[in-house]
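The next block holds one structure in the form of structure tokens; read it before the comments.
The values are calculated or read from the model by the stated rules, or taken from the named source; none is laboratory data. This is a predicted model, so every value here is computed, not measured. Ideal geometry is used to build each Cβ from the backbone, glycine not excepted, and the neighbour counts take in all protein chains shown.
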Amino acid sequence: MEPRARSPTTALSNPADDAWQIGGTRLHSRFLLGTAGYPSPQVLSDAIVAARTQVVTVGLKRTLAASGDNGFIAIVRQALKTTGARLLPNTAGCRTAREAVQLAHMARELYDTPWIKLEVVGDEHTLQPDPFELLAGATQLVRDGFTVLPYCTDDLVLCRRLLDAGCPLLMPWGAPIGSGQGLLNPFALRTLRERLPEATLIVDAGIGAPSHAAQALELGFDAVLLNSAVAQSREPVAMAKAFRLAVEAGRQAWRAGVMAPQDFAVASTPVGGEPVLLGDAP
Amino acid sequence: MNPGNVINLMLDGRPHAVPAGTTLAELVLSLRHEPDAVSTARNGLFMARSLRERCVLQDGDAVVLFRPIVGG
């Protein structure tokens with residue numbers, strides 16, 4: 001598969017030439033980072049800096065159900081002032097479009113952003129998105145003026161419908177949330193890239209190792225969103241840096257054009273067809 | 001509190017009594033939340049901050065308050 005738009009070689013060393021967009025906002029980092037599950041607010045703050053992310057995800061919770069957050073949200077806001085990153089609230093925990101739409105409105109008010117990561121879960125075991133409720137919710141939220149980033153499955157037809165509904169990009173899963181299994185269905189992801197060449201695609205969920213992130217970018221995905229792989233590592237700040245480097249490597253590889261695999265060997269050393277040692281051994 | 005002047009709400013899924021005529025804005029304040037620090041829903045529908053003053057709660061209303069948390 002060829003890259004959609006291969007840039008001149010001279011541009012490869014200049015990240016400024018490789019910006020992408022969410023709803024008209026230009027971004028250079030292709031690493032979106034979740035904020036949950038870190039061992040301390042300071043570690044989270046340091047991880048945001050180490051990741052050089054420009055988008056961090058946050059959530060909402062009922063006040064009575066939520067005990068004190070130990071200053072996590074305050075330090076997220078502080079880190080954003082320092083780094084210039086933007087907030088992406090989610091609708092985690094919603095099971096219906098109606099619920100998700102209401103929660104999105106609350107998120108817009110609390111976080112003062114029209115961006116919403118739309119999550120509508122349809123299965124409790126896998127936390128798989130419900131495609132029907134997701135599409136209904138996305139349709140309504142686009143009408144309400146939101147920039148809807150849908151967390152979806154890798155189903156091509158669903159993805160087309162979400163784009164038709166006005167979502168500016170798609171966020172298909174690589175594997176179930178928090179599973180760390182990587183890209184379970186590369187065929188489906190490749191198919192999305194091939195069939196939706198103009199769409200902005202982000203792998204969201206399931207990424208466990210930096211190599212998974214690099215693979216997503218090598219497939220031509222525009223970015224990755226992950227949380228647990230960094231937060232649950234032994235050293236989240238170091239892991240945030242590792243993911244940043246992997247994302248950059250994967251993107252560079254995509255732009256440079258990954259060679260096509262083949263089923264037979266091709267000698268890389270150009271020794272020609274002659275035997276190395278002439279004549280038979282005595 | 002005179003029971004006749006009291007209405008019963010479900011607040012975040014738990015029973016909660018307030019004086020009749022209480023507005024949503026007054027409820028938020030009575031719970032010691034900064035108005036900007038929470039978002040509100042009444043009977044499953046988002047109730048914008050700007051509408052809380054005019055929102056007089058009724059007996060049996062279900063009110064939910066949300067606040068920011070970390071998330072993925």
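Inside the range B:30-46, residues that are part of a strand (DSSP E or B) and either more than 9 Å from every other protein chain (Cβ to nearest Cβ) or touching a residue at least 24 places away in the same chain (Cβ under 8 Å) (or both) make up a count of 4. Residue-level analysis places A:THR113 among those that are in a loop (DSSP other than H, G, I, E, B), within 15 Å of A:VAL148 (Cβ to Cβ) and more than 9 Å from every other protein chain (Cβ to nearest Cβ).
Listed here are the helices (runs of 4 or more DSSP H) enclosed by the range A:155-247 that have at least 3 residues being within 13 Å of the chain's Cα centre (by Cα) and at pLDDT 95 or above: A:210-218.
For first residues located in the range A:70-81 and away from chain B (no Cβ under 11 Å), partners that are of a type outside the set (A, V, I, L, M) and surrounded by 13 or more Cβ atoms within 10 Å (Cβ to Cβ) and lie 6+ apart or on another chain with Cβ distances below 6 Å form the pairs A:ALA79/A:SER45. Every test in (1) surrounded by fewer than 20 Cβ atoms within 10 Å (Cβ to Cβ); (2) more than 14 Å from chain B (Cβ to nearest Cβ) is passed by A:CYS167 save one, and that test is (1).
Within the range A:53-90, the set of residues being of a type in the set (Ser, Thr, Tyr) and touching a Phe, Trp or Tyr at 6+ places or on another chain (Cβ under 9 Å) comprises A:THR53, A:THR63.
In the range B:48-70, the count of residues that are surrounded by 18 or more Cβ atoms within 10 Å (Cβ to Cβ), touching a helix residue (DSSP H, G or I) at 6+ places or on another chain (Cβ under 8 Å), within 11 Å of chain A (Cβ to nearest Cβ) and touching a residue at least 40 places away in the same chain (Cβ under 8 Å) is one or more. For the range A:214-233, the count of residues that are surrounded by fewer than 19 Cβ atoms within 10 Å (Cβ to Cβ), of a type in the set (A, V, I, L, M, F, W, C) and out of contact with any His (no Cβ under 9 Å at 6 or more places or on another chain) is zero.
The rows are residues; the columns are (1) within 21 Å of A:GLN21 (Cα to Cα); (2) buried (at least 21 other Cβ atoms within 10 Å of the Cβ); (3) among the β-branched types (Val, Ile, Thr); (4) without any contact (Cβ under 8 Å) to a residue 12 or more places away in the chain.
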residue	(1), (2), (3), (4)
A:ALA97	no, yes, no, no
A:THR139	yes, no, yes, no
A:TYR151	yes, yes, no, no
A:GLY182	no, no, no, no
A:ALA188	no, no, no, no
